[in-house]
Amino acid sequence: MRISDIASYVDQVVELHGWVYNRTDKGKLQFIQVRDGSGVVQCVAFKKELDEASFEIASHLSQESSIVLTGSVRADSRAPGVPGGFEIGIQSIRLEQQAAEYPITPKEHGVEFLMDHRHLWLRSSRQWAILRIRATIERALRDFMDDQGYLLVDTPILTPSAGENTTDLFEIDFHGERAFLTQTGQLYNEANMMAFGKVYSFGPTFRAEKSKTRRHLQEFWMMEPEAAYLSLEALMDLEEQMMVSVIERVLHRHAPELAIIERDVSKLQAIQMPFARISYDEAIERLQAAHAATDDPERKAMLQITWGEDFGSPHETIIAEMFDRPVFVYHYPTAIKAFYMQPVEGRPEVCRSVDLLAPEGYGEIAGGSERIYDLALLEERITTMALPREAYSWYLDLRRFGSVPHAGFGIGLERTVAWVCGLPHVRETIPYARLLNRNYP
């Protein structure tokens, strides 16, 4: 039996394989919380109902000892667990391994200690809940794109060229040639799109920027859809529908996990269509107006910005505070965006780009654009940005053979999980975080 299915086994004798999450010694009664990966259930060992050897085992179980037990499932509204309201009266118990003294205890541990023991920290209820929600978000994103007719096509992790900022690359020696860990699958998605019409990739990406903020990882997962004949406005429609679909699934499936992490679900229930859409120009005006209106020196410094500058985390947070749900900011300056973004007609200093900012201070979770589909213009951009033309020869071919208007976006899984779960840092959103100062365990 899996604990998650326990409601189907009331008044039946079951066999449970798991680990001891906690034990409370009441003399002739031992209350043992057992986890099996799908949930946690209270199991009760009553001395008079067990043989001496079994009760002796139950009385000395250490945290994380592995066991196999049989017992009768009964409903009890007072019983703790996930799901709660059930307990197992133990009839027999077998010890697989008596665990050594567990290094993670209920006492307060520092973040660095917990990250050093991440391989064990994953077993805690909070981390268990977060990563279960992560799995659902990942599946919900895939299901949404599949239902929209997009085909999953994998893209390379090793690439010969930059997808975005050339200073953010991890360089490797590829048999004597320079190669890089991918920043994005998008360029290859454009080639895949030309074959299949609507595609998406979902995989690990890497950024070498030396950032220690709560939003940045060196290795993270990203879903990147790309579609032919997709406009920026239709792309925003797609993202909006996708996010509402994801939130609905998390709320439907993960009430116990959201309770464990103490997430204010009213914030998620407010995520409904439509999302606000403001231009970069309007966002700058809003920030400058807020700057003029405040007398707080610290807030004034955070709000300082002039047209043409990219938003920092404080700017994104302040813009998002103006809305109760995610907000799109579109038409950023061309100079601060990637080389492949289509300029706005009649206004080349601005491009057909968009970022989706999450509320509650979580900032950008998705970014996308219409792509340049004119060969001459793309060649001009590559020259202007001093990119190695030979590395992009194949990418230019896409504009020589059947080029069409197209668009796509990338959504960062870890930032999305951080927002949905209400976490203060992305390090808890991925099983093994790779940070500027951390590559262990």
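Values quoted throughout were computed directly from the atomic coordinates according to the rules given, and no laboratory measurement underlies them. Please read these numbers as outputs of a predicted model, since none were measured by experiment. In this analysis, Cβ positions are derived from the backbone assuming ideal geometry, glycine residues included, and neighbour counts consider all displayed protein chains.
In segment 78-172, which GluC sites (Glu not before Pro) fall in coil by DSSP and have 12 or fewer other Cβ atoms within 10 Å?
On the way: sites: Glu87, Glu96, Glu101, Glu108, Glu112, Glu138, Glu164, Glu171; in loops: Glu101, Glu108, Glu164.
Of the GluC sites (Glu not before Pro), the ones in loops of segment 78-172 whose Cβ has at most 12 other Cβ atoms within 10 Å are Glu101, Glu108.
Counting only Cβ charges, +1 for Lys and Arg and -1 for Asp and Glu, the dipole size of segment 3-97 around its Cα centre is about 300 debye. Dipole of segment 3-97 computed with +1 at Lys/Arg Cβ and -1 at Asp/Glu Cβ about the Cα centre; of Gly71, Ser92, Ala45, farthest Cα towards the positive end is Ala45. Of the chymotrypsin sites (Phe, Trp or Tyr not before Pro) found in segment 188-286, those in coil by DSSP whose Cβ has at most 14 other Cβ atoms within 10 Å are Tyr229.
Can you tell me how segment 55-115 classifies by the Cα gyration tensor, rounded, prolate or oblate, using a/c under 1.5 as the rounded cut?
Working: a/c = 3.12, a/b = 1.43, b/c = 2.19.
Oblate shape, in that a/c is at least 1.5 and b/c is the bigger or equal ratio.
Only the Cβ atoms of Lys and Arg (+1) and of Asp and Glu (-1) were treated as charged; on that basis the dipole of the chain about its Cα centre amounts to roughly 1020 debye. Note on segment 273-338: with charges restricted to the Cβ of Lys and Arg (+1) and Asp and Glu (-1), its dipole about the Cα centre is near 200 debye.
Per residue, the average separation of C-alpha pairs within less than 8 Å and at least 6 apart gives segment 6-124 a relative contact order of 26 percent. Ranking Leu120, Trp19, Leu357 by how far each Cα lies toward the positive end of the dipole of the chain (charges on Cβ) leaves Trp19 at the top.
More than 41 Å apart: what percent of Cα pairs in the chain qualify? Summing the P(r) of the chain above 41 Å gives 30 percent of all pairs.
Of Ser65, Ser245, Ser201, the residue with the greatest mean-square motion in the GNM of the chain, using alpha carbon springs below 10 Å, is Ser65. Here Lys107, Lys28, Lys337 are placed in order of increasing Cβ neighbour count within 10 Å, fewest first, which gives Lys107, Lys28, Lys337. Residues considered: Cys421, Cys43, Cys351. Largest GNM mean-square fluctuation over the chain, using C-alpha springs under 10 Å, is found at Cys43. The residues neighbouring Lys267, those whose beta-carbon lies less than 10 Å from its own, together hold a net charge of -1 under the Lys/Arg +1, Asp/Glu -1 convention. As a proxy for reagent exposure, ranking Phe180, Phe31, Phe409 by other Cβ atoms within 10 Å from fewest up yields Phe31, Phe180, Phe409. Between segment 65-105 and segment 179-250, how far is it from one alpha carbon centroid to the other, in angstrom? So the two Cα centres are separated by 42 Å. Counting neighbouring Cβ atoms within 10 Å and putting the fewest first, the residues Val420, Val354 line up as Val354, Val420.
Here's the picture: charge each Lys and Arg Cβ at +1 and each Asp and Glu Cβ at -1 in the chain, and of Thr205, Ala283, Ile336 the one pushed furthest to the positive end of that dipole is Thr205.
Seen through its C-alpha gyration tensor, with square-root eigenvalues sorted a ≥ b ≥ c, segment 201-286 comes out rounded because a/c lies under 1.5.
For segment 118-428, what does the relative contact order come out to in percent, with C-alpha contacts under 8 Å and a separation of six or more?
Numbers: 543 pairs, mean separation 62.0, N = 311.
Reported as a whole number, the value is 20 percent.
For segment 102-187, the square roots of the Cα gyration tensor eigenvalues, ordered a ≥ b ≥ c, give a/c of at least 1.5 with a/b no greater than b/c, which places it in the oblate category.
The C-alpha atoms of segment 3-97 occupy a region whose extents along the principal axes are 30, 25, 21 Å, arranged from largest to smallest.
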